[in-house]
1. Mind listing just one residue for me: the one in segment 27-66 that is in contact (Cβ under 8 Å) with a residue 24 or more places away in the chain and among the aromatic types (Phe, Trp, Tyr) and, of those, surrounded by the fewest Cβ atoms within 10 Å (Cβ to Cβ)?
2. Wholly within segment 207-310, which helices (runs of 4 or more DSSP H) include no fewer than the required count, namely at least 2 residues that are modelled with pLDDT of 85 or more and not hydroxyl-bearing (Ser, Thr, Tyr)?
3. If you scan segment 136-148, which residues turn out to be at pLDDT 90 or above and surrounded by fewer than 24 Cβ atoms within 10 Å (Cβ to Cβ)?
4. Determine which single condition residue 81 fails, assuming it passes every other condition in (1) modelled with pLDDT of 95 or more; (2) farther than 15 Å from residue 165 by Cβ; (3) touching a Ser or Thr at 6+ places or on another chain (Cβ under 7 Å); (4) aliphatic (A, V, I, L, M).
5. List, please: which pairs have Cβ atoms under 9 Å, are six or more places apart or on different chains, and start with a residue in segment 349-373 that is assigned by TED's automatic domain parsing to the domain that holds residue 331 and end with one that is outside any helix (DSSP H, G or I) and modelled with pLDDT of 85 or more?
6. If I ask for residues that are in a loop (DSSP other than H, G, I, E, B) and aromatic (Phe, Trp, Tyr), which ones from segment 43-76 would you list?
7. Contact list please: Cβ distance under 7 Å, first residue in segment 222-239 and outside the structural domain of residue 351 (by TED's automatic domain parsing) and surrounded by fewer than 21 Cβ atoms within 10 Å (Cβ to Cβ), second residue in a helix (DSSP H, G or I) and not small (Gly, Ala, Ser), pairs at least six apart or on different chains.
Amino acid sequence: MAHKKKQQPNRALLFVNISHFLNHVIMLIYPTVALTLVDVWGVSYGELFKLFFMASLLYGLAALPAGWLGDCWSSRGMLAVYLFGTGTATFLTGFADNPMQISVGLAFTGIFAAIYHPVGTTFVVQHAVDRAKDLGFNGAFGTIGLAAAAFIAASLTHMFGWRFAFFIPGLACFLLGVFFVLQTHEPVREIVNEVTGGSEKIIKKSTIFFALGLMAITALSVGLITQAYTSGLPKIFNDTMKEVVAIFTLDSKGGLTLSSALVTLVILFGALGQILGGSLASKYSPKAVYIGMFILMVPLATVASQLDGLGLVIVAAVMMIVITGCLPAENCIIVRFCPENFRARVFSAKFVMALGGGSFAVLAVGEIFERATGFLFFYGFLIALAFIVIIFAFFLPSMANSQENSSIISQNSKQPS
């Protein structure tokens with residue numbers, strides 16, 4: 001049993017990281033493909049985009065039963081269902097001949113894709129050699145998928161036609177599932193418990209509920225910050241890059257392309273933030289890293305509100321690093337205070353809160369842009385949310401033993417069986 005545990009971590013984590021990348025790519029294929037379908041089907045982009053609503057809704061809601069099944073049955077088994085189900089649904093969506101068919105295909109894709117986040121995060125924790133670092137790298141793969149999705153979808157559509165934008169990612173996801181089943185095995189929970197049990201103090205139920213209650217508030221606030229920031233950047237860059245556009249003598253379309261490319265670049269810095277945040281949470285208290293990231297965010301947002309042009313791009317990239325850098329620490333805190341057999345359910349609840357919070361963030365940002373002439377209120381909104389995270393995270397119980405957990409697991413995984 002110990003031999004199996006030692007043999008698999010890197011391979012298992014590679015599979016789950018690629019799965020995270022594909023998850024975000026697949027869920028964001030359609031918004032780009034819909035631009036082509038406007039001409040193919042003669043339907044407005046607005047009407048086509050509405051077809052994505054059910055898939056987006058199910059992508060959030062289906063995470064709850066997926067997390068429950070991951071806890072009660074098997075995280076590895078649910079990841080296999082995710083890979084085969086998402087791959088098949090995505091591939092079949094490519095055969096759609098009308099809006100109704102593509103809506104159904106997208107909905108089934110959303111259901112299966114919803115499995116990943118609650119179950120995948122739990123799987124990473126079960127196989128982690130260094131918990132915080134491995135969570136950071138896993139998050140980085142997702143961020144890269146998020147940033148690359150539009151480019152991949154547009155490239156496949158341009159080279160082979162819009163149907164292949166579904167065929168190729170769907171086939172890749174299905175084949176990854178085949179290799180995943182053949183090359184991985186069920187995690188050995190008994191060994192993880194034996195390893196971590198010696199260093200982690202037994203936590204009272206009251207402490208667990210208190211800590212997870214605080215994390216519910218902070219995770220919702222982080223979800224609001226992330227969605228508000230990423231959804232607001234295109235508008236901010238489009239309005240504040242006029243001097244840069246003038247330097248390159250670009251027309252309005254060229255200016256929009258440039259600002260969109262800069263937004264993609266800033267989002268890619270989020271991958272660096274995940275890796276950096278994971279490394280910091282591995283060396284220091286995850287609680288301190290979590291709070292520290294949002295303390296840094298306050299002056300960064302204040303400075304950003306006064307900038308434009310390339311200076312804003314630099315500060316925006318650092319802000320993205322800070323925002324995503326908190327996520328590995330956040331997950332480490334949840335793992336520390338959540339019993340192992342409830343983790344997937346807790347992560348699914350966190351995912352639903354972040355997604356649901358995101359929808360309110362989009363509404364809030366839209367209202368701010370509608371009523372305010374500048375972006376001061378937008379950055380003020382982010383700063384207010386950052387203070388909420390700082391205040392509530394400050395009252396989290398001590399995490400003094402978290403560093404020992406990581407090092408003991410690492411040492412155990414290197415011991416010969």
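1. Among them, the one singled out is 41.
2. Ranges flagged: 252-283, 286-304.
3. 137, 141, 144, 145, listed by residue number.
4. Against the list (1) modelled with pLDDT of 95 or more; (2) farther than 15 Å from residue 165 by Cβ; (3) touching a Ser or Thr at 6+ places or on another chain (Cβ under 7 Å); (4) aliphatic (A, V, I, L, M), residue 81 comes up short only on (3).
5. Pairs found: 351/114; 368/375; 369/375.
6. 52, 73
7. none
Residue by residue, here is whether (1) within 22 Å of residue 226 (Cβ to Cβ); (2) of a type in the set (Phe, Trp, Tyr); (3) not in a helix (DSSP H, G or I) holds:
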{"site": "78", "(1), (2), (3)": "no, no, no"}
{"site": "87", "(1), (2), (3)": "no, no, no"}
{"site": "92", "(1), (2), (3)": "no, no, no"}
{"site": "95", "(1), (2), (3)": "no, yes, yes"}
{"site": "135", "(1), (2), (3)": "yes, no, no"}
{"site": "141", "(1), (2), (3)": "yes, yes, no"}
{"site": "148", "(1), (2), (3)": "yes, no, no"}
{"site": "151", "(1), (2), (3)": "yes, yes, no"}
{"site": "155", "(1), (2), (3)": "no, no, no"}
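The values are calculated or read from the model by the stated rules, or taken from the named source; none is laboratory data. Every value quoted in this text rests on a predicted model; they were computed, and no experiment measured them. With ideal geometry, Cβ positions are generated from the backbone for all residues, glycine too; neighbour counts draw on all protein chains shown.
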